[in-house]
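Trainee: Here it is, the structure, as structure tokens.
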Amino acid sequence: MPNAYLVGMLIGDGTYTYENSCRLCSVDPSTWKYIENNNLGVINNCSGNDPHKYSTEYRTYRIINEMELMKGLGIAY
């Protein structure tokens, strides 16, 4: 499976809906490094009343070009 590690992270800590695309939220620096070193996502701020919104310890990524993979696996809705 292509990007199996990323798919696992999206299932565990992400969202992948047709309307919102793929997003991943994490407090784990190793996750940040994986996403950033592989150019898989762009950092976004969290929305709503999230207490971590401006924290340097919490990041939300918009994952690039992975919605088709999630649809192909039959797990995106």
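Trainee: Ranked highest first by average number of other Cβ atoms within 10 Å, how do 27-39, 57-69 line up?
Mentor: Packing order, densest peptide first, comes out as 57-69, 27-39.
Trainee: Net charge near C22: determine it from the other residues with C-beta under 11 Å of the C-beta of C22, scoring Lys and Arg +1 and Asp and Glu -1.
Mentor: Within the 11 Å Cβ shell, the charges total +1.
Since every read-out is calculated from the coordinates, none of them should be taken as a lab result. Not measured: the values here are computed from a predicted model. Cβ coordinates were reconstructed from backbone atoms using ideal geometry, including for glycine residues, and neighbour counts include every protein chain displayed.
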